[in-house]
Amino acid sequence: MMGIKMENGIEQLEKNVKDWEKIERREEVIRNTPLGGLKSVAFALAQEVPVLGSLVTETIDMRIDEHQSKVKKALIDTILDYEGIIEPDKIEGVSFLIEYAKTQEVLVRLANDKKVCYICNLFGNYFLAENHQGDVDLYEEYLNQLSSLSYREIDLLMCLEHFERLVSHEHLENKMQRSQKAYGKFKLEAKKRWKVSEKQLEGIMMSISKSGFCKELTGIYLGYEGGIFYTTAYFQHFLRYITKRFLTEE
């Protein structure tokens, strides 16, 4: 019975989203998105460089359609993953439908498919595993963070947080010692995995810190000259939403 209700809910969801897209003049929106612009670039390229351009124009529509179908399916699959616990009325609210459409829009604009799973996890955890009663502020905040940060930046933060957790179990005197040890391990891993030098890493972390997900350690510590970063509680909360379902299983 739940399966039938869920199927009917998905059908209603898709219908409502289509209606919403029409109201929002979907064709006009698409022309102004990077995907719409990509088609224009391909056409212009065909005029200027016939040999290369003709190849691009023959495949661009197909590739874009494939990409859109793939990411939209990923979002639908996320909803279906919650079939056993979701209540059908959770997917009938206006805020849910609007955020569903917005999330699809973000997904189809992604140049890097690696972030698709993070966005789908965020959607599932926020709207299906929890009940926020129409409050979408935090969701939109986190969705914007996923749109703004690169996959590498998110990966770096996750790596740093991993070493921080490892070090947290050790008996160290103060925050400086814990941060210094965790960041030291993190620097070695960044150099190995991403081929990033220490100076480059410092610049990247300074840039990421604008998100509020990490901070540079400050304070008067013997021999400390700066350049050590640590993840914030804000990032740790964000991380729970994008990596897994944290609904307690019965």
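Structural remarks
- Matching residues in region 185-208 - criterion: being open to solvent by less than 40 Å² (accessible area, probe 1.4 Å) and within 18 Å of Phe235 (Cβ to Cβ): Phe186, Ala190, Leu201, Ile204, Met205, Ile208
- Just one of the listed residues (Lys195, Lys191) is in contact with an Asp or Glu (Cβ under 8 Å, 6 or more places away or on another chain) and free of Cβ contacts under 8 Å to residues at least 12 places away in the same chain, and it is Lys191.
- Being closer than 22 Å to Asn121 by Cα and at pLDDT 95 or above is true of Glu153.
- Evaluating Ser207 against the criteria (1) under 23 Å from Val94 (Cβ atoms); (2) among the small types (Gly, Ala, Ser); (3) more than 15 Å from the chain's Cα centre (by Cα) leaves one unmet condition, (1).
- Of all residues making up region 198-233, the number that are in contact with an Asp or Glu (Cβ under 6 Å, 6 or more places away or on another chain) and either closer than 14 Å to Gln177 by Cα or in a loop (DSSP other than H, G, I, E, B) (or both): 2
The values are calculated or read from the model by the stated rules, or taken from the named source; none is laboratory data. No experiment lies behind these values; they were computed from the predicted model shown. Glycine also receives a Cβ, built like all others from the backbone with ideal geometry; neighbour counts cover every protein chain displayed. Each accessible area value is taken on the protein alone, full model and side chains, heavy atoms only, with ligands, DNA and RNA left out. Shrake-Rupley method; radii C 1.70, N 1.55, O 1.52, S 1.80 Å.
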